[in-house]
Amino acid sequence: MKTLYFITSNKGKVVEVKNKFSNLGINIVQKNLGYPEIQAAELEKVAFFGAEHVQKKFNHLFILEDAGLFISALNGFPGVYSSYVFHTIGCKGILRLMSDFGDDNSRRAVFRSVFAYVEPDKKPLLFQGECYGRIALEERGGHGFGYDPIFIPDGETRTFAEMGTSEKNKFSHRGKSLEKLIDFFKKQ
Ligand code: ITT
């Protein structure tokens, strides 16, 4: 069985990736190696730089991902700063920032995911996915991680945290970027 290392500190991401790769005969193994996340306006740059950094010291097939939540009314905040913002003000802080915005289009947001796929001695390849939706009025649900309790994807009334892993994967930014990565993987 082929092993694909996933360089991440986030167990929630690993659960979703394993769910997506199940039945493909690929063993996903989490490695929490850590890597610098550069200050850049785009997730692509953060993922690419991180991938090249890891590649220098880890000579295996691996993936890593940078993701973020971009809220229209906040001009794209927290975006590339999603991790820092989650660990400082969290979902409650985001809801406070959104308190002047009613339950209409002004709560629009998009989740973005960029995976870097890296083979030894080759340039990292990037795979993107996004999921449009809105910020809920309050936290709901106990599944998932991060901003899941406050994000409702388009076409749904439930937050990501009110869905199981397979269901979230059908809608989510990560489900879509992984779909592209798996298509590529199958052709190899
Ligand atoms: P890595 O080690 O993989 O970088 P991380 O948790 O720092 O793990 P990111 O920088 O990619 O991951 O994520 C930025 C933030 O956005 C982080 O706080 C996540 O919890 C949150 N986030 C990312 N994807 C999410 C998702 O599918 N649902 C909810 N929150 C998510």
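Descriptive notes on the structure:
- Working note: Cα gyration tensor of the chain, eigenvalues times five, square-rooted, sorted largest first, giving semi-axes of 29, 18, 13 Å.
- Net length gained if the chain between ALA40 and ASN10 were fully extended (0.36 nm per residue, minus Cα distance): 8.7 nm
- Of the GluC sites (Glu not before Pro) found in the stretch 27-117, no site is in coil according to DSSP while having at most 13 other Cβ atoms within 10 Å of its Cβ.
- Prolate/oblate/rounded call for the stretch 99-155, Cα gyration tensor, a/c under 1.5 rounded: prolate
- For the set LYS122/LYS168; LYS92/LYS176; LYS57/LYS170; LYS13/LYS123; LYS31/LYS186; LYS92/LYS186, the pairs lying more than 29 angstrom apart at their alpha carbons are LYS122/LYS168; LYS57/LYS170; LYS92/LYS186.
- In this structure the chain gives 50 Å² per residue of accessible area when probed at 1.4 Å with all protein chains present.
- Nearest-20 debye value, the chain charge dipole, Cβ charges on Lys, Arg, Asp, Glu: 620 debye
- Annotation: for a label point projected 7 angstrom from Cα along Cα→Cβ of LEU125, residues of the stretch 9-27 with backbone N closer than 18 Å are 21, 24-27.
- Whether the stretch 53-119 is rounded, prolate or oblate, judged on the alpha carbon gyration tensor where a/c under 1.5 counts as rounded: prolate
- Label positions at ASP183 and ASN105, each projected 7 Å from the Cα along the C-beta direction, are separated by 3.0 nm.
- Cut-off 20 Å (backbone N to label point 7 Å along Cα→Cβ of LYS31), residues of the stretch 66-81: 66-67
- The alpha carbons of the stretch 83-188 stretch over 49, 28, 25 Å along the principal axes, in descending order.
- Within the chain, DSSP assigns beta bridges of which about 75% are antiparallel (rounded to the nearest 5).
- Each residue of the stretch 38-45 was assigned a 3J(HN,Hα) from its phi angle through the Karplus curve 6.51 cos²θ - 1.76 cosθ + 1.60 (θ = phi - 60°); the sequence is 5, 7, 9, 7, 10, 4, 4, 5 Hz, with glycine and proline shown as x.
- Checking every one of the GluC sites (Glu not before Pro) in the stretch 111-188 against DSSP loop status and a limit of 13 other Cβ atoms within 10 Å picks out GLU138.
- Charge sum, other residues only, whose C-beta stays under 14 Å from PHE6's C-beta, Lys/Arg counted +1 and Asp/Glu -1: +4
- Pairs of Cα atoms in the stretch 38-85 fall into 10 Å distance bins, from 0 up to the last occupied one, in shares of 26, 45, 22, 7, 0 percent.
The values are calculated or read from the model by the stated rules, or taken from the named source; none is laboratory data. Note that the structure is a prediction, hence the values are computed from the model and not measured. A quick note on method: Cβ atoms are made from the backbone with ideal geometry, for glycine too, and the neighbour counts reach across all protein chains shown. Protein only, heavy atoms only, side chains kept; ligands, DNA and RNA dropped before computing areas. Shrake-Rupley method; radii C 1.70, N 1.55, O 1.52, S 1.80 Å.
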